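Okay, so here's the structure we're looking at.
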């Protein structure tokens, strides 16, 4: 029985490379001279540091540009609110969301069932497995999900005949 998985994955190597490029650009730019602006990467959490909110926004713009250039979908980023550290310094945490959350996976399953396509969708951890009798129906299902789910990046993999 043909099937495929709907997943949401982020290439962590590309995220790390984008963070390194951002730090390199921030360290060489004249308007950041003498400031403590930087990006630190942890496990699925990026932390932006700057001397002022304006500088933090500039660092964020640089980071988003580098991520987009490296093929990382910026819709998977979840921004926390700004925190004041000491004095005027600020920081902001950005979470890189990996995997489809249960709320979104339920929405995808409901969307597939409401479409009246002859396929079955089931939630399997952080992925949604879709199986059907014919490959053409599965391709129609992929096109429909691509069109409807625009607020979160999804990929389709593990396509089997």
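Bear in mind that the values in this text are calculations on the coordinates, not laboratory data. None of the values given here were measured: they were computed from a predicted structure.
Against the empirical 2.2 N^0.38 Å (N residues), segment 65-152 has a Cα radius of gyration ratio of 1.50. Need one word for segment 12-96: rounded, prolate or oblate. Basis is the Cα gyration tensor (sqrt eigenvalues a ≥ b ≥ c); a/c below 1.5 gives rounded, then a/b vs b/c decides. Note, shape of segment 12-96 comes out oblate.
For segment 91-116 and segment 120-159, what is the separation of their Cα centres, given in Å? With segment 91-116 and segment 120-159 each reduced to a Cα centre, they are spaced 12 Å. Which entry is the computed mean projected area of the Cα convex hull in nm² for this structure: (1) 11.1; (2) 9.4; (3) 10.6? Recomputing mean projected area of the Cα convex hull in nm² here picks out (3).
Mean residue ellipticity at 222 nm from the helices of the chain, using -39,500 (n - 2.57) per DSSP H segment of n ≥ 4 over the full residue count, to the nearest 500 deg cm²/dmol?
Details: 4 runs with 61 residues, N = 161.
Here the helix-only value at 222 nm equals -12500 deg cm²/dmol.
How tilted is helix 12-28 with respect to the longest principal axis of the chain? Cα atoms for both, answer in degrees (0 to 90, nearest 10). For helix 12-28, the angle is close to 20 degrees. Extension gain, residue 27 to residue 126, is 31.9 nm, computed as 0.36 nm per intervening residue step minus the present C-alpha separation. When the chain is treated as a Gaussian network with alpha carbon springs shorter than 10 Å, the biggest mean-square fluctuation among 77, 117, 63 belongs to 117.
For residue 117 and residue 40, the difference between the fully extended length at 0.36 nm per residue and the C-alpha to C-alpha distance is 23.2 nm.
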